[in-house]
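Just so you know, all these numbers are worked out from the coordinates, no wet-lab data involved. Quick caveat, the model's predicted, so the values are computed rather than measured. Here the Cβ is made from the backbone with ideal geometry for all residues, glycine too, and neighbour counts use every protein chain on show.
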Ligand SMILES: *Cc1c(COP(=O)(O)O)cnc(C)c1O
């Protein structure tokens with residue numbers, strides 16, 4: 001009854017429910033609410049791989065580019081499931097707290113389903129692109145003071161008083177079921193190319209829902225005989241928002257990577273179990289390391305991601321360059337999950353470009369000046385130097 005290897009893309013981008021329905025707890029007869037999510041590129045990254053010391057390089061490096069989903073992040077995989085199941089059960093409105101991408105996805109899939117969408121967002125803590133998406137899709141937005149954790153606490157309170165609003169945060173188990181399909185794709189895509197099974201997978205970690213979902217997906221495939229051994233899972237947090245690395249909640253999480261600016265992860269225990277049971281680990285990277293990885297991805301591979309997504313690559317670079325103990329060179333391909341698109345948060349990329357690293361230092365002085373990112377940004381956007 002299950003599909004065979006290599007035939008999954010017969011109909012490209014049909015959406016994860018149509019593609020993996022046998023593996024998902026979709027109510028019988030439910031009509032999928034889909035935008036054609038999933039089936040995202042697995043990009044070989046040879047130039048990035050060369051950034052690792054030769055004796056510490058895995059045999060291959062791949063980027064799972066989840067920014068190619070319809071609203072620009074992996075959240076679409078969970079949202080097609082959450083909205084499909086909610087509507088099949090008769091719901092008419094959904095609600096969630098969000099650092100931005102969940103909001104953008106909920107707004108889009110709710111619009112498609114003809115359902116109402118309520119979003120509770122940390123004021124000042126969400127990238128402009130994500131707010132723009134949610135506004136465009138007609139969601140009702142309630143800003144709250146504080147962090148994502150405060151927004152989620154507010155939403156949990158609201159749903160006790162308004163049971164008609166279905167919670168579509170990753171607390172909703174349908175979300176993780178949808179998100180686990182990314183792990184299926186990693187295995188299927190490597191197999192279809194004749195590559196070995198993934199040996200290690202790096203993911204940014206905020207609430208811990210996604211790394212939990214990947215663990216579920218790989219474990220499901222292993223049980224079904226489609227995967228010999230679970231890849232080591234590496235969860236990467238930002239230093240200023242690293243409760244799992246520190247072993248305690250962080251009250252005022254700080255990082256440029258707004259999508260993982262979370263101090264009280266809902267799935268903290270399950271994320272830790274996922275890394276422990278697969279022989280991986282959690283680690284923290286600085287904002288500088290995140291922005292450097294974001295630049296490398298764009299300059300070496302042409303892949304532009306939002307800062308949180310670059311945390312996975314920053315974690316790999318940190319371990320493989322030996323700046324941190326605990327790196328056994330993997331014997332199979334390594335996959336870095338790039339969770340969201342760079343267009344979500346252009347401001348951070350422009351600011352990072354202005355604050356140094358103009359690129360090659362070998363250029364003639366005149367040319368160097370002409371290529372100053374600050375000058376280019378000013379000319380293109382007429383923004384005063386340093387912002388306002
Ligand atoms: C939601 C999100 C994350 C974090 O995922 P969790 O499930 O909260 O750990 C990472 N990156 C991006 C771009 C996200 O939108």
Open item on the list: Could you give the length gained by full extension between residue 11 and residue 226, i.e. 0.36 nm per residue of separation minus their alpha carbon distance, to one decimal place?
Closed with: 75.3 nm
Task: Segments 140-146, 213-219 sorted - mean Cβ within 10 Å per residue, highest first - done: 213-219, 140-146
Task: Fraction of beta bridges assigned by DSSP in region 194-287 that are antiparallel (%, nearest 5) - done: 10
TODO: For region 268-292 and region 299-353, compute the distance between their C-alpha centroids and round to whole Å.
DONE: 13
Open item on the list: Let me check against my output: what whole-number percent is the relative contact order of the chain, with C-alpha pairs under 8 Å and at least 6 apart?
Closed with: 18
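What does the extension gain come out to for residue 158 and residue 347, with contour length at 0.36 nm per residue minus their alpha carbon separation?
Values: separation 189, 0.36 × 189 = 68.04 nm, distance 3.23 nm.
My answer for the length gained is 64.8 nm.
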Task: Pairwise FRET efficiency - residue 193 versus residue 31, Cβ, R0 = 30 Å, nearest 0.05 - done: 0.35
Task: Distance from region 201-240 to region 72-138 (C-alpha centre basis), Å - done: 24
Open item on the list: Tell me the relative contact order for region 169-298 as a rounded percent, counting alpha carbon contacts under 8 Å between residues six or more apart.
Closed with: 26
Open item on the list: Based only on other Cβ atoms within 10 Å, what is the fewest-to-most ordering of 13, 19, 162?
Closed with: 162, 13, 19
Open item on the list: Tell me the relative contact order for region 75-171 as a rounded percent, counting alpha carbon contacts under 8 Å between residues six or more apart.
Closed with: 34
TODO: Per DSSP H run of at least 4 residues, take -39500 (n - 2.57); add these up for the chain, divide by its residues and hand me the 222 nm value, nearest 500 deg cm²/dmol.
DONE: -12000 deg cm²/dmol
- [ ] Would you look at the GNM of the chain, springs on alpha carbons closer than 10 Å, and say which of 16, 33, 43 moves the most?
- [x] 43
Task: Whether the chain is rounded, prolate or oblate, judged on the alpha carbon gyration tensor where a/c under 1.5 counts as rounded - done: oblate
Open item on the list: For a quick check: sort 303, 135 by the number of other beta carbons within 10 angstrom, fewest at the front.
Closed with: 135, 303
Task: Bridge type composition, the chain - antiparallel percent by DSSP, nearest 5 - done: 15
Open item on the list: Normalised radius of gyration for region 75-171, please: alpha carbon Rg relative to 2.2 N^0.38 Å, two decimal places.
Closed with: 0.96
